[in-house]
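The values are calculated or read from the model by the stated rules, or taken from the named source; none is laboratory data. No experiment lies behind these values; they were computed from the predicted model shown. Cβ coordinates were reconstructed from backbone atoms using ideal geometry, including for glycine residues, and neighbour counts include every protein chain displayed.
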Amino acid sequence: MSKNITLATRKSPLAVIQTQLACDYLKEKLPEYDFSMLKLSTTGDKRRSWSLETEGGKGLFTKELEMALNEGRADLAVHSAKDLPMELGSGLTLAGYLSRADALDVFVMREGCSDIKTIATSSPRRRVQVGLLHPRINWIEIRGNVETRLDKIASGEADATILAAAGLNRLSIDSWPGLIFKPYTIRELVPAAGQGAIALECREGDAPQYQAVLDEITDRAVSIERYLIGELGGGCHSAHAAYFLADILYVYHENHGFNQYDFVDLDDAEIKIRLREIVNELKDS
């Protein structure tokens, strides 16, 4: 491999910040290499008028980055792990993850709005779970980067929205004119598989070089989450959710609601058995 490693990224402000975090981390671990970014527009970025629920599909925010890997224009692709399809492109694999940030969600509402009637989100996961807390809410979709969404809520396009804490933190946003931020608990809103984690994807043959320097704890947690959601048939159109923290797996299933499972003192083989038992339980009951 050459002495320069190119990281493919979306052009959004958050994606660029996440890629810079990856560059900084890898530069510390692999000081013999130089790092550069390849900024790309994905289908999801270009089709801003699309409904992500009805028009979205596999690889909406990842396909162009994977093409850059396969064509040799990039060596790594940087993704928000929650946006990754369960199946990656041919010849590609996950090298691993940076250390995970706060994986929870944040409720963002207009200041002075005492009666929440409309919440804007494109996520079935958020809509179904938050709908249990606000059963008479009118749901609308919202598109755009984080700052755009905050401006839309502040201007009255909707009374509230839901955003990932990790994205807000990486953008150094802890307040916004006219808005109030209220974090959810895990029991109120189970995060999406991989939420809060920055994933690095590469060609299969290059993976060993990166795997050795990436975060093992995050890799274990997100791998468990992605396995469960993949086996349950979850994806961008599903409300299924999974979050693994401190040897506890928190799960929201559309038909069975909230559950948590203890993984304390289980080795790798026992974890696989436990996951298969959970999948069978949720599928069969």
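Collect the residues in segment 190-210 that are modelled with pLDDT of 95 or more and assigned to a helix (DSSP H, G or I), keeping them in residue-number order. Lay out the reasoning, then the answer.
Taking segment 190-210 as the starting set, the residues that turn out to be modelled with pLDDT of 95 or more are 190-208, 210.
Passing the criteria: E204, G205, D206, A207, P208, Y210.
Just checking, how many residues over segment 158-173 are in contact with an Asp or Glu (Cβ under 7 Å, 6 or more places away or on another chain) and not aliphatic (A, V, I, L, M)?
So the count comes out to 1.
What is the number of the single condition among (1) farther than 26 Å from V128 by Cα; (2) assigned by TED's automatic domain parsing to the domain that holds K27 that A197 does not meet?
(1)
Quick one: which of L76, L65, L26, L84 is modelled with pLDDT under 95 and crowded, with 20+ Cβ neighbours inside 10 Å?
L84
Return the only residue of P191, P177 being more than 25 Å from P85 (Cβ to Cβ) and out of contact with any Gly (no Cβ under 8 Å at 6 or more places or on another chain).
Details: P191 fails: more than 25 Å from P85 (Cβ to Cβ).
P177 is the lone residue from the list that is more than 25 Å from P85 (Cβ to Cβ) and out of contact with any Gly (no Cβ under 8 Å at 6 or more places or on another chain).
Specify which of the listed residues (R125, R73, R136, R110) is under 18 Å from the mean Cα position of the chain (by Cα) and of a type in the set (K, R).
Just a single option satisfies the conditions, and that option is R125.
Quick one: in segment 254-285, which of the residues that are among the aliphatic types (A, V, I, L, M) and under 24 Å from P124 (Cα atoms) is surrounded by the fewest Cβ atoms within 10 Å (Cβ to Cβ)?
First, pick out the residues of segment 254-285 that are among the aliphatic types (A, V, I, L, M): 264, 266, 269, 271, 273, 275, 278-279, 282.
From the residues that got through so far, the ones that are under 24 Å from P124 (Cα atoms) too are 275, 278-279, 282.
On the way: L275: 19, I278: 22, V279: 15, L282: 18.
Out of the qualifying residues, it is V279.
Any residue that is in contact (Cβ under 8 Å) with a residue 40 or more places away in the chain, touching a Leu at 6+ places or on another chain (Cβ under 9 Å) and not assigned by TED's automatic domain parsing to the domain that holds A164 - is there at least one of those in segment 263-274? Working first, answer last.
Initially, segment 263-274 is screened for residues in contact (Cβ under 8 Å) with a residue 40 or more places away in the chain, giving 271.
Filter once more, keeping what is touching a Leu at 6+ places or on another chain (Cβ under 9 Å): none.
The answer is no; no qualifying residue exists.
D247: of a type in the set (D, E, K, R) and without any contact (Cβ under 8 Å) to a residue 24 or more places away in the chain, yes or no? Talk me through it step by step, then tell me what you get.
Details: of a type in the set (D, E, K, R): yes; without any contact (Cβ under 8 Å) to a residue 24 or more places away in the chain: yes.
It is true that D247 is of a type in the set (D, E, K, R) and without any contact (Cβ under 8 Å) to a residue 24 or more places away in the chain.
Just a yes or no: is a residue in segment 131-150 within 17 Å of I17 (Cβ to Cβ), modelled with pLDDT of 95 or more, surrounded by 15 or more Cβ atoms within 10 Å (Cβ to Cβ) and among the polar types (S, T, N, Q)?
No, segment 131-150 contains no residue that is within 17 Å of I17 (Cβ to Cβ), modelled with pLDDT of 95 or more, surrounded by 15 or more Cβ atoms within 10 Å (Cβ to Cβ) and among the polar types (S, T, N, Q).
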